[in-house]
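Asks: Sharing a structure here in structure tokens format.
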Amino acid sequence: MTYSHNAPFRADVVGSYLRPAELKQARADFAAGAIDAAALKAVEDRLITELVAKQKAAGLHVITDGEFRRGWWHFDFMWGFNGVDHTAAAHRVAFHDEVTPADTATVTGRISGENHPFVEHFKFVKQFEDEDTVARQTMPSPAQTRFVLTGNASAYPYDEFYKDDDELTADIVAAYRQVIADLYAAGCRNVQFDDCTWTRLCDKSVRERLGWSDEDALRLQQENLDVINAVIADQPADLAINTHICRGNFHSTWLSSGGYAPVAAKLFGEENVNAYYLEFDDDRSGDFAPLAEVSGDKKVVLGLITSKKPELEDPQTIKARIEEASKYVPLERLCLSTQCGFASTEEGNKLTEEQQWAKIALVQSIAKDVWGK
């Protein structure tokens, strides 16, 4: 890493960007067999190179590949593990207004993390680091992977590979630690876990639909915490591992509602990340009071600018909300970003690329006014 600072930054992003039409077409052509993998990679490489230049021109201190090599924010990473495969989902995920495509990840053997393709993806972005930027690698949290694989057990059992979920979890932890070690060896110093598991536990209607009792919810919180902290344990001191806590972001729709209070003690008090990227862009997110549970010197990135809608927020309103949040976490430990990425899946949210960059410019402008840099 050449830049002397690391994430989170005062003006930050979650990391995914709207896919250009050319990229969508190339991916469709590859899926149809019209072009080969090398031709697809050539398009991806060129468009990612252009994206990195745009991120730098926007004044961001973090660069990503925009998740341009993925269809999903989470499944593509899971499919990169040995022993995990791409399968048709038994049930589509129902968002507020839409349902997702029928994809999922299932266990097809003992899981391990050697030769994960995301390491090579990171190396491509790493080459563009300079004295003002850090390359970030995003991935689903270990809890998210555990949630997907164990949740598919009834439709896709894995008892021929694992005697119980504890044994599966141990291999998930080891696989993540292998990938992170390989990323670190490749020069990665900024890892971001993306996680929708905690917010499902904040939404009573989601808990009821999934049949989770209050006791189940408490158990799931502890299971989330344990698998994440096991991956984070004893990582290098100069590796920033942060997490983005998401309520769902598919084609400008959402998955769950509710403030962070039900999970705050475990999530904010005991998860051993460096920083939290949190959604606070609308009333579904609740108030800032749960931030009082943030322990130690951990930082909070306030996702006050929505990536779901093109309309620009009023800067004074956002500044007032930052001031309100500072009652619970000191201003020097706060940062600003969009509440999520612009394209958690390749479909992308319902705004234009021009509107996407206008959102980022707004984040930059407000952060400069509030923190002076």
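Asks: Counting Lys and Arg as +1 and Asp and Glu as -1, what is the net charge of the other residues whose Cβ lies under 12 Å from the Cβ of residue 66?
Replies: Net charge in that neighbourhood comes out at -1.
Asks: Counting Lys and Arg as +1 and Asp and Glu as -1, each charge on the Cβ, what is the dipole of the chain about the Cα centre in debye, to the nearest 20?
Replies: Charge dipole, the chain, about its Cα centre: 660 debye, nearest 20.
Asks: Given a 1.4 Å probe and heavy atoms of the protein chains only, how would you sort 12, 171, 234, largest accessible area at the top?
Replies: Descending order: 234, 171, 12.
Asks: A further question on this structure: Please give the FRET efficiency for residue 319 paired with residue 289, using the beta carbon to beta carbon distance and R0 = 25 Å, rounded to the nearest 0.05.
Replies: After rounding, the FRET efficiency stands at 0.80.
Asks: Against the 2.2 N^0.38 Å scaling, with N counting residues, where does segment 121-172 land? I'd like the Cα-based Rg ratio to two decimal places.
Replies: Its radius of gyration relative to the 2.2 N^0.38 Å reference: 1.74.
Asks: Now for a separate question. Along the Cα→Cβ direction, 7 angstrom out, place labels at residue 233 and residue 270. What is the inter-label distance in nm?
Replies: For the pair residue 233/residue 270, the computed spacing is 1.4 nm.
Asks: Something else now. Between residue 350 and residue 86, what is the label-to-label distance in nm when each label sits 7 Å out along the Cα-to-Cβ direction?
Replies: Going by the 7 Å Cα→Cβ label model, 2.8 nm.
Asks: Grab the alpha carbons of the chain, take their convex hull, and tell me the volume per residue in Å³.
Replies: Considering the Cα atoms of the chain, their hull volume per residue is 129 Å³.
Asks: How much of the pair distance distribution for segment 119-243 lies past 18 Å, counting alpha-carbon pairs only, in percent?
Replies: Roughly 59 percent, rounded to a whole number.
Asks: Hey, another quick one. Calculate one ³J(HN,Hα) per residue across segment 70-86 by plugging θ = phi - 60° into the Karplus curve 6.51 cos²θ - 1.76 cosθ + 1.60, and present them in order as whole Hz with x for glycine and proline.
Replies: Couplings: 10, x, 10, 5, 10, 4, 4, 5, 4, 5, x, 6, 5, x, 10, 9, 7 Hz.
Asks: Right, next: Students sometimes get this wrong: rank 116, 121 by accessible area, probe 1.4 Å, all chains present, largest first.
Replies: 121, 116
Asks: Here is a follow-up. Taking the Cα centre of segment 112-151 as the origin and placing charges on Cβ (Lys, Arg +1; Asp, Glu -1), which of 148, 135, 112 is farthest toward the positive end of the dipole?
Replies: 148
Asks: With all protein chains present, how much of the accessible area of segment 138-197 (probe radius 1.4 Å) comes from carbon and sulfur, to the nearest whole percent?
Replies: Reported share for carbon and sulfur atoms: 47 percent.
The values are calculated or read from the model by the stated rules, or taken from the named source; none is laboratory data. Fair warning: this is a prediction, and the values are worked out from it, not measured in the lab. Here the Cβ is made from the backbone with ideal geometry for all residues, glycine too, and neighbour counts use every protein chain on show. Accessible surface areas use protein heavy atoms only, side chains included; no ligands, DNA or RNA. Shrake-Rupley method; radii C 1.70, N 1.55, O 1.52, S 1.80 Å.
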